[in-house]
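Some notes on the structure that comes next.
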Amino acid sequence: MTTEHVGVQGMAWINGEFLPTRDATLSIFDSGFLMGANVFDTMAVWKGWLFKLDAHLDRFYRSAHAIRLELPYTKDQLRQIVVETVRRAGLREAYVQCVATRGLRANTPPETWPPTVMVYAIPYLWAVGGPDGLERGMRVLIPRTRNLPVEVLDPKIKTFNRLNGYLAKLEAIDAGVDEVVLLDTRGFLTEGRGANVFLVRSGMLYTPSEDVLWGITRETVFEIAAELRLRAEYAWLTPYDLYNADEAFFCTTAGGIAPIVEVDRRQVGDGRPGPITRRIAERYWEWHCDPRYALRVLE
Ligand code: PLP
C-alpha cells in the first residue's frame, strides 16, 4: 500500500521563502528534529475564514519564550506571513501550522543558532473525529501510557515532543478503538492526543485544569458555554467521572468538537453524541465564519 503524505497539496514559507509544501524539506541537522527543540501552533481555515489567529500567535510566542527561542519576526510580520501563506495555498478549508526550531545544530551554545521558522497551509486535517464524527461518536481507551508530568515537560508548551501520545495511539489501534484520554502519573484525566477533553454531568461542563495544553478550542468552549448559559468549570477528574458522564467530547483545532460515546468499553450516557455536545459543536463551526473571531482570508 502506498500512502500520500499530508503535504502533497499546499503552500509553505520557510525562513523567508514561499514554496509548495511537496518541495518543502528540513535539514537532517535541524535541532527541532535531532533534539526535539521545537515549538509550534496549529490554526484552522474554514470556508475561507482564519479562526482566532491572534490567540494562536500569542500562544506560539509564549511557547517560544518558554524555551528561550527568540523569534526573528514580530507578531505583525508573522501574522502577514500566515495570511499570505493561506492565500497562496488557496485552500478554503485548511490546516495551518507555524513551527519554530532552534535551527541547525552547531558546536556553539544553542542560543547562537539561527532559528528555523516555517508556516504552512495544507488541506484541513481531522486529528480527532472526522466529518462524520458528530453522528458516529468516538470509542476511547484510557491507555497505559501517561501524559508527561509538569515536572518533566510543561504541557502548556506546544511542542512536537509527543512520543507518549504516539505510543498511546498504538494502544488504541491495538484495542480497536478510535482515540485515547491520557491520565497523569497520579491517575487524573488530562487530555487526548492533540485535543482537550470535556465531560457533561447534570447540564454542567467539566474539564481538567492542570497538566494539559491550554487549548484555544477549550477556551472557545468556555465562551460558547457562557453564551448558551451553561456552567463550565475546571475540575480534577478520574476515569470514573468519564464513565459516568452524561456526555463527553474532545475539542481541538484539528477536528472541532468530537463526541465520545464509549470509554474502556463502558457506554457514556446513552452511547450517542449528546444534545449539549451537538449545540456546542454547531455554535463552534458558526463562530468560524464570524468576524468577531475569524478573519476572512479567501473568498
Ligand atoms: N492538547 C494537546 C496536547 C494538543 O496538541 C492540542 C492541539 O494540538 C490540544 C490539546 C487542543 O488545542 P487547540 O484547541 O488549541 O487546538
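Coordinate-derived values only; no laboratory data. Predicted model, so just to flag it, every value in this text is computed and none were measured.
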Roughly how far apart, in whole Å, are the Cα centres of region 14-92 and region 178-211?
27 Å
What helix-only [θ] at 222 nm does the chain give? Using -39500 (n - 2.57) per DSSP H run of at least 4, over all residues, to the nearest 500, the answer is -8000 deg cm²/dmol
Please find, in a Gaussian network model of the chain (springs between Cα atoms separated by less than 10 Å), the residue of ASP211, ASP58, ASP132 whose mean-square fluctuation is greatest.
ASP132
How high is the relative contact order of the chain? Use alpha-carbon pairs under 8 Å, at least six apart in sequence, and give a whole percent.
20 percent
For region 133-287, the spread of Cα positions along each principal axis, largest first, Å
38, 30, 25
Compute the acute angle (0 to 90°) between the alpha-carbon long axis of helix 216-227 and the principal axis of greatest extent of the alpha-carbon atoms of the chain; round to the nearest 10°.
50 degrees
Here is the link list: LYS75/LYS158; LYS47/LYS169; LYS52/LYS169; LYS52/LYS158. Which ones come out longer than 25 Å on Cα distance?
LYS47/LYS169; LYS52/LYS169
